[in-house]
Amino acid sequence: GFGPRYTCGPMARTREIKKRMVAVKNIQRITKTMQMIATAKFTAALARAKATQPYTKKIRELVAAVSSAAGDIDHPLIAGHGEKATKKELLLVIVSDRGLCGAYNGNVLRMATQHLRESKAKGIETTLEVSGKKAVGFFRFAKIDVARRHTQFGDKPAVEEVHRLANEYMERFTRGEYDVVRVAFMHFESNSRQRPELMQLLP
């Protein structure tokens, strides 16, 4: 003969349905936990962003006021390099390490890419540095060289690390390695509104 024939009876179907129900409930629990963690992280990040807004705004106003009232001071950090300009620029692009955050990364990366194209058309040589894994993958795919990747910042950058990098940029700029230092990032306005910004740091 052809051997015994096996059929999927009612009991087997019931067991399969129960297994699927258990699997769905497990997925629901995991998803709910992930949502709770994401909400907590978002709330904490939102609080940090709101707390730093007044400080950042006042610092910008203070720096602008001091530089405008400095008078005839011949220093590269204020006046730039003038005739010694080398047509070289440093651009730091800051995005996130993770995805699943809507247009947050995409808008910053598109803006940075557009700026790189415009700078190249003007004959400006731009050194590109990035912070955030998403920028590394994006520029690799676009075949744009990244000179350095900063991995020390993450979600909660330490003040000491920021100061260290800022001092390094000021030293390199003062030595005449670059005419301009810029940063591309997402400017926080509210939890429903953020906009990509290209800020000139130096001079």
What angle, in degrees between 0 and 90 and rounded to the nearest 10, separates the Cα long axis of helix 104-121 from the longest principal axis of the Cα atoms of the chain?
40 degrees
Return the label of the correct value of Rg and Dmax of the Cα atoms in Å, as calculated from the structure shown, out of [x] 25.8, 105; [y] 16.3, 51; [z] 17.1, 56.
[x]
Using the charge dipole of segment 99-203 (Lys, Arg: +1 at Cβ; Asp, Glu: -1 at Cβ; taken about the Cα centre), state which of V136, Y169, M199 has its Cα farthest towards the positive end.
V136
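Set the Förster distance to 25 Å, then compute FRET efficiency between H81 and L198 from the Cβ-Cβ distance, nearest 0.05. If you can, show how the numbers build up before the last one.
Details: r = 20 Å, r/R0 = 0.81.
Result of the calculation: an efficiency of 0.80.
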Please find, in a Gaussian network model of the chain (springs between Cα atoms separated by less than 10 Å), the residue of Y55, Y169, Y104 whose mean-square fluctuation is greatest.
Y55
Could you sort 105-116, 142-153, 57-68 so that the peptide with the highest average Cβ count within 10 Å comes first and the rest follow in order?
105-116, 142-153, 57-68
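Set the Förster distance to 30 Å, then compute FRET efficiency between E189 and V162 from the Cβ-Cβ distance, nearest 0.05.
Details: r = 21 Å, r/R0 = 0.71.
Efficiency, from the Cβ-Cβ distance: 0.90.
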Expressed as a whole percentage, what fraction of the accessible surface of the chain belongs to carbon and sulfur atoms when a 1.4 Å probe is rolled over the protein heavy atoms?
59 percent
Hey, what angle do you get for helix 159-174 against the long axis of the chain, alpha-carbon based, 0 to 90 degrees rounded to 10?
40 degrees
Could you tell me how many degrees, from 0 to 90 and to the nearest 10, lie between the Cα long axis of helix 10-68 and the main elongation axis, the longest principal axis, of the Cα atoms of the chain?
10 degrees
Set the Förster radius R0 to 35 Å, insert the Cβ-Cβ distance between Y55 and V22 as r into 1/(1 + (r/R0)^6), and round the FRET efficiency to 0.05.
0.10
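The values are calculated or read from the model by the stated rules, or taken from the named source; none is laboratory data. Note that this is a predicted model, so its numbers are computed, not measured. Heads up, the Cβs are rebuilt from the backbone with ideal geometry, glycines too, and the neighbour counts pull from every protein chain shown. Side chains are part of the model used for accessible areas, which takes the heavy atoms of the whole protein and leaves out ligands, DNA and RNA. Shrake-Rupley method; radii C 1.70, N 1.55, O 1.52, S 1.80 Å.
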